[in-house]
Amino acid sequence: MDFPYYPINDFGPMMKGVVIGVLGIVHVFLAQFAIGGGILMCYFEWLSQTGRCPPARQFVDGFFKFLVLISFIVGAITGVGMWFTSIQISPRTIGMMVDEFHWIWAIEWTFFCLEIVSGYCFYRYGSRLDGPSRMTFLVLYAVAAWGSLFWINGILSWQLTPGSWLETHVIWDGFFNPSFWPSLLYRTVVSMAIAALVACAVMNAMPALNRETRTLLIHRAAHFLLPMVLMPVLGFWYLMSWPEDSRSWVTGGSPAMSLFLMMGVGSSLLVGAYATIAVWWGKLYINGATATLLCALALAATGGGEFVREGARKPYTIRQVLYSNSIEQPEIKDLRKVGSATNDPYPLQQATDYPTGQLRLGAKVFRFQCSICHTMHGVNGMVELTGNWSDDQKRMMIAKLQQTKPFMPPFSGSAVELEALVQLISWEAADRPERQEQSVDDAVIQRIQTWLDEAGTDPAPRLPRLGY
């Protein structure tokens, strides 16, 4: 079997998912701010040019400078960071996505280029242009930014809900997948709300605006918060478009994902309630501190939502195609026979730290199969997770991994490799002693093989309905 091995980097005690997750949350928040900001600026420019709110032009010029500084620069850095970390952490996933959707990626990048060019043109020349020219650049920017969301949304939602693509492998079946439209509309509303909240913070930071003008502009920006009343409906539609087992993870099957779901929902409800009751209905003024707090709640909601969206795919990175450790289901049977580390061409870092060949084998197995979601010591650390388990418990739990932990993929190596992994965890838990006896009991290997055969290589069975 010609398995595609890739070099795997180590992030120490920081789980790889946390590294890319933090980058992803910041990038998504800034990207949605840029998308909503484009629509908001078109609205404010229209208010100015039609005489409905003459000070709106002054705000547009100041807001756009802030958008360029934050979104274009920090957003671009985090975007590049996402690609850089993704190809180190899960290169096979990225490779499959690019291979399947390379023309879609190209279209998205074209929209992104238009967004950047039109944005910088307005930033450089906007103050000297006449009304129609200003509006043209702003509309181009807004359309390009939302178009970028349109195309990227199809690729990202395909990872969770590939739908009929699994049978047809037609690109448009994958792109317009079951969660495409609810995800797109939900993110559009979120983008508008984030832009409005950031706009309120920027208005308070513009010294040229007096209190009366700020109040007028804030109440105009509040129009972009009103669509939040649709978020419960859109969120429910989005959730119901997921496969049943994925919904089960976030509605009680995984306490961590349920917690993050509640964090996202609770933060959104707080922002939405304040926006509709206090700002829209009560006509209250939002000062800088309140606007910043609301932005922080929006960031928390984004973090909760992105964690849930990513976690709901478990045990896959591409549902029913590629497991989270970059192994395809049909490959597991072969890896069980030949071993997952047998043909791995990449040497261990600091291999001399391991006193036996068995521990070195266990380290390669851990790197290949476990390190994408676990550390040895640290975030989601194997030593801490298995601290109260005996060696036999470790053997059985790992051998029947997809049954004992249904959100994890099956173990994809031989019985010898599984024992090496168990010995590695125990050695690490004992604070890495200089001398370590190798485990060479044939009866232990046979017992592990029996458990592996009982578990099979299929993924976990579908979860039963949880009653809600």
Inset, instruction - Name the helices (complete DSSP H segments) of the chain with a Cα length along the long axis of 18 Å or more and a Kyte-Doolittle mean of at least 0.5, or state none. - result: 16-49, 75-89, 131-160, 180-205, 255-273, 288-311, 415-429
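Calculated from DSSP H runs of 4 or more alone, at -39500 (n - 2.57) each and per residue, what is the 222 nm mean residue ellipticity of the chain, nearest 500?
Values: 20 runs with 295 residues, N = 468.
Helix contribution divided over all residues of the chain: -20500 deg cm²/dmol.
Multiply the residue separation of T276 and R124 by 0.36 nm, subtract the distance between their alpha-carbon atoms, and state the gained length in nm to one decimal.
Working: separation 152, 0.36 × 152 = 54.72 nm, distance 3.60 nm.
Between T276 and R124, full extension yields an extra 51.1 nm.
Using a/c under 1.5 as the rounded threshold, could you call the range 109-195 rounded, prolate or oblate? The axes a ≥ b ≥ c are square roots of the C-alpha gyration tensor eigenvalues, and prolate needs a/b larger than b/c, oblate otherwise.
Numbers: a/c = 4.02, a/b = 2.50, b/c = 1.61.
Prolate shape, in that a/c is at least 1.5 and a/b is the bigger ratio.
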Legend entry - Exceeding the 23 Å Cα-Cα cut-off - candidates K333/K400; K65/K283; K16/K333; K314/K337; K333/K394: K65/K283; K16/K333; K314/K337
Legend entry - Protection-proxy order for peptides 385-394, 415-424, 274-283, each taking the mean of Cβ atoms within 10 Å per residue, highest first: 415-424, 274-283, 385-394
Legend entry - Calculated over the chain: convex hull of Cα atoms, volume per residue (Å³): 160
Inset, instruction - Rank these for me by crowding, M397, M97, going from fewest to most other beta carbons within 10 Å. - result: M397, M97
Inset, instruction - With a/c under 1.5 counting as rounded, go ahead and sort the range 330-455 into rounded, prolate or oblate using the C-alpha gyration tensor (a ≥ b ≥ c being the square roots of the eigenvalues; past the cut-off, prolate if a/b is larger than b/c, else oblate). - result: rounded
Inset, instruction - Whole Å is fine, so just give me how far the alpha carbon centre of the range 140-158 lies from that of the range 27-70. - result: 19
Inset, instruction - Can you quote the Å³ per residue value for the convex hull of the Cα atoms in the range 75-141, rounded to an integer? - result: 74
Legend entry - Cα-projected label distance for Y5 with R432, points at 7 Å along beta-carbon direction, nm: 2.2
Legend entry - Value of relative contact order over the chain, rounded to a whole percent, pairs C-alpha under 8 Å and six or more apart: 17
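Each reported figure results from applying straightforward, stated rules to the coordinates on display, with no laboratory input. Fair warning: this is a prediction, and the values are worked out from it, not measured in the lab. Cβ atoms come from the backbone with ideal geometry, glycine included; neighbour counts cover every protein chain shown.
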